[in-house]
Ligand code: BJW
Ligand code: ZN
């Protein structure tokens, strides 16, 4: 009995490869799933809780005003975890693609710095939409600084304070209800609107405005390729969906 054999170019991964190779401008949007195989917990789904809290309970100005110690403790825990993690094959493949193609830009919602650690040149450093786990800023003045220190949250006095004015400091991260940096968001929107292809990797696509970037590409006639282990709100409108983990699929997708 003969069995129909699918032509190689009908496989989703081949279609996705062809779309990306044919695109002049590629933009990549990543989320927590790209770092999952590095050991960084995602926000939603299994392992997404710290103690009994969700990101929505802690990543808000209101939560910080109510209990700065608790919020700093969470960030201290995350700094410790991420410090023990390394970029995985997906971060490395994306960085290599950004180095070999001038118009391949990475935009990340992640604050873990793993894309930047995989980048060997500035061109491969991503736009960080939601800030960085390793930057701290003053709650009163404009001072902000790189900060890889461990957090001592035993009392209000031991929390990070501003060297310039002495006020309480906070993580330099965009919390719910806060505006993203205008320049960073503007650049991300321009890249997405002008892209022929948007590769979306490991995001639940629930958090806006980041989740709207792929739609900008699509509405301007570009393609959307989604890599995720499960469905998201983008799945239905994506041009190609690749079901599997980032560290398995992305290197295969971008192999030259
Ligand atoms: C794998 C995998 C593997 C697992 N391989 N895949 C429009 C509609 C509705 C609401 C809004 C809207 N516009 C704005 C809002 C409000 C709000 C929002 O979006 N709320 C929704 C939750 C409903 N947005 C905001 O508040 C934003 N601000 C704003 O809009 O301001 C307006 C304003 C203007 C002017 C003045 C004032 C205000 C700010 C959003 C900031 C979000 N920040 C956070 C927290 C930062 C804290 C921190 O990191 O410490 O950023 S939220 C959290 O979610 C974090 C993430 O970057 C973000 C996205 O999560 P992500 O990356 O998608 O992770 P997960 O865990 O959700 O998903 C992981 C995915 O990976 C899953 O799909 C898995 O299947 C997959 N996966 N393993 C591949 N191995
Ligand atoms: Zn200050």
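Which of (1) surrounded by 19 or more Cβ atoms within 10 Å (Cβ to Cβ); (2) under 24 Å from residue 36 (Cα atoms); (3) more than 18 Å from the chain's Cα centre (by Cα) is the odd one out, the single condition residue 149 does not satisfy?
It fails just one condition, (1).
Say whether the condition of being modelled with pLDDT of 95 or more, within 19 Å of the chain's Cα centre (by Cα), outside any strand (DSSP E or B) and under 23 Å from residue 75 (Cβ atoms) is met by at least one residue in the stretch 157-174.
Of all residues in the stretch 157-174, those modelled with pLDDT of 95 or more come to 157-174.
Then keep just the ones that are within 19 Å of the chain's Cα centre (by Cα); that gives 171-174.
Still in the list and also outside any strand (DSSP E or B): 174.
Among the residues that remain, those that are also under 23 Å from residue 75 (Cβ atoms) are: 174.
Yes, there is a match, as at least one residue in the stretch 157-174 is modelled with pLDDT of 95 or more, within 19 Å of the chain's Cα centre (by Cα), outside any strand (DSSP E or B) and under 23 Å from residue 75 (Cβ atoms).
With the structure loaded, tell me whether residue 137 is within 16 Å of ligand 2 (Cβ to nearest atom), part of a strand (DSSP E or B) and touching a strand residue (DSSP E or B) at 6+ places or on another chain (Cβ under 8 Å) or whether it fails that test.
So residue 137 passes the test.
For the condition assigned by TED's automatic domain parsing to the domain that holds residue 184 and over 19 Å from residue 128 (Cβ atoms), what is the one hit in 96, 63?
Result: 96 is the single residue among 96, 63 that is assigned by TED's automatic domain parsing to the domain that holds residue 184 and over 19 Å from residue 128 (Cβ atoms).
Do we find that residue 101 is within 26 Å of residue 121 (Cα to Cα), surrounded by fewer than 18 Cβ atoms within 10 Å (Cβ to Cβ), touching a strand residue (DSSP E or B) at 6+ places or on another chain (Cβ under 8 Å) and in contact (Cβ under 8 Å) with a residue 40 or more places away in the chain in this structure?
Considered against the rule, which asks whether it is within 26 Å of residue 121 (Cα to Cα), surrounded by fewer than 18 Cβ atoms within 10 Å (Cβ to Cβ), touching a strand residue (DSSP E or B) at 6+ places or on another chain (Cβ under 8 Å) and in contact (Cβ under 8 Å) with a residue 40 or more places away in the chain, residue 101 comes out as yes.
Here's the yes/no breakdown for (1) in contact with a strand residue (DSSP E or B) (Cβ under 6 Å, 6 or more places away or on another chain); (2) within 22 Å of residue 24 (Cβ to Cβ); (3) modelled with pLDDT under 95:
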position: 213; (1), (2), (3): yes, yes, no
position: 216; (1), (2), (3): no, yes, no
position: 221; (1), (2), (3): no, yes, no
position: 227; (1), (2), (3): yes, yes, no
position: 230; (1), (2), (3): no, no, no
position: 236; (1), (2), (3): no, no, no
position: 249; (1), (2), (3): yes, no, no
position: 254; (1), (2), (3): no, yes, no
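Would you point out the residue of the stretch 194-209, among those that are part of a loop (DSSP other than H, G, I, E, B) and touching a helix residue (DSSP H, G or I) at 6+ places or on another chain (Cβ under 7 Å), that is farthest from ligand 1 (Cβ to nearest atom)? Write out each step before concluding.
First, pick out the residues of the stretch 194-209 that are part of a loop (DSSP other than H, G, I, E, B): 195-196, 202-209.
In the following step, the residues that additionally are touching a helix residue (DSSP H, G or I) at 6+ places or on another chain (Cβ under 7 Å) were identified as 195, 202-203, 205, 209.
Details: 195: 19, 202: 3, 203: 3, 205: 6, 209: 6 Å.
My answer is 195.
May I ask you to list the residues in the stretch 142-164 that are under 25 Å from residue 110 (Cα atoms), within 14 Å of ligand 2 (Cβ to nearest atom) and touching a residue at least 24 places away in the same chain (Cβ under 8 Å)?
144, 159, 160, 162
The values are calculated or read from the model by the stated rules, or taken from the named source; none is laboratory data. In this text, all values refer to a predicted model and were calculated from it rather than measured experimentally. Please note: Cβ atoms are built from the backbone with ideal geometry, for glycine as well, and neighbour counts cover all protein chains shown.
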